[in-house]
Amino acid sequence: MRRRRLRHAFGVGKPAGLLVPPLAAAGLALLGSCTPSPPAVDRVHIRGQLRVVTIDSPTTYYLGAQGPEGLEFKLASAFARRLGVNLYMYPVPSVRAMQAELAAGRADIAAAQLTADGPWRKAGEPANVYDRIPQLVVFHRGDARPRETLQMESARLSVRAGSPQEDLLERLKRTVAPALGWIETAPSAADPLEDVQTGDAQYAVVDAREFSFSHHLYPDVVPGFSLPDERPVQWIIRRGDLDLYEAVNRFFRAIDQTGELQDLIAQSSGDSRPFQYEESRVFEENMTARLPHYRSWFEEASEETGVDWRVLAAIAYQESQWDPKAESSTGASGLMMLTETTAGALGVKDRGNARQNIIAGAIYFQEVHDKIPARIAEPDRTWLAMAAYNVGFGHLEDARVLAQMRGKNPDSWADVREELPLLAQERWYERVKRGFARGWEPVQFVDRIQRYLKLLEWQSTETVAEEEGVLVTPRARRAG
């Protein structure tokens, strides 16, 4: 019998003072029709759905282990809630395809960390800039650090073809560095950071936000300096939709004033948790050398339990670094570090059998997850389950009791995370049912798994739901 699936959605810069461009096309369209169409926001309300086109990108939109993630997804979800409609956000393969979707009227908004260049201005109306992203010149660790633009003129420089970074280099070439040249990396080829990592290029130019995600995969690549011009980012609105355009600008002004915008930007950074250089390097090596041998079994375990295979792989890496012969001082062994008692209860006769170990570990994790109260929303429920997987459900419950005792939320991983280490302090563990625990260990356990999971989500070659998009239901309707 297939077990219940555990896939859930996670929840679903300062704007520049730009002048609002004229949208005369909206009035002309109405003059040419005997039956004027309703304003754009009214059409969205009638439809009950905001349609946002995007691309798969760590800084934009992607399907994480618990559901859709990415800064633009979070922003679009918040805007749809403000309008009181559902969000239908769907990825397409390229920027050109996004432009076609918007120009054809199949999407209301294009959102993908966009900068309004000429082609985008032909496709739709750029909303006000809501953030500006530094552009980094990066180099190989150990080489001489570059410190100014003119140093790039005599260097092998890599940049993605057709990217905003290439546009920036074109401007620099015209204005301050006439001898500037670069290697164009095709959009479907390797990352420019890989060119620096392998020595094919001395420098690369990348978005700071993109670098916050990708530098974990290229630990020998480090920032040198930021170029003078930061890249503006904005949404592009379907041409003629004046009221939707104005609603978008009001939305960004409001969340900037409340601080929500900066919070979302910070939460969506790839550097939300520190990732040590050597740890990153070892993980990258193991992802290439070891993971391919076991990935099909992680996927099989995912089908059996409904737990995303990347969650299982991240747990296994933390437990054993994907070594089927790994053993702990407490007698646990195998990829998922099963104890003899747990293995026996799950019918595993040979803990050294990688497939059996993975599937049994997945079933055990699912059973732990099922013990966490169903009222707790994701991703907190999964993080709490991971902590219980490590320290035991009873000690997790003790930490939740301490959280409640100290006026915190026992259903929040962030709050329980602060309480778990107290289980090693006598003045606290004597007040709970199960006594002492090495409470700092589950905190480190979950922190590391979250880091590995983020990298696995971006190294997965699967393309999930590329055409179907994601539907998010608003929590409440508010005035736009």
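Tabulated results
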item	result
Eligible lysines near residue 349 by straight Cα distance, threshold 16 Å, same-chain separation 8 or greater	325
The stretch 361-420 - Rg and Dmax from Cα coordinates, angstrom	10.6, 34
Cα gyration tensor shape for the stretch 139-244, rounded if a/c is under 1.5, else prolate or oblate	prolate
Rel. contact order, % - alpha carbon contacts under 8 angstrom, at least six apart, the stretch 145-222	34 percent
Separation of the residue 144 and residue 447 label points, Cα + 7 Å toward Cβ, nm	3.8 nm
The stretch 308-450: C-alpha gyration tensor shape, a/c 1.5 cut-off, then a/b vs b/c	prolate
Loop GluC sites (Glu not before Pro), the stretch 62-145, which have at most 16 other Cβ atoms in a 10 Å radius of their Cβ (DSSP)	none
Residue 46 versus residue 104: modelled label distance in nm, points set 7 Å from Cα along the beta carbon direction	2.2 nm
Per-pair calculated FRET efficiency, R0 = 35 Å: residue 266 and residue 155 via Cβ, rounded to 0.05	0.60
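We did not get these values from a lab; they are worked out from the coordinates using the rules stated. None of these values were measured; they are calculated from a predicted model. Ideal geometry is used to build each Cβ from the backbone, glycine not excepted, and the neighbour counts take in all protein chains shown.
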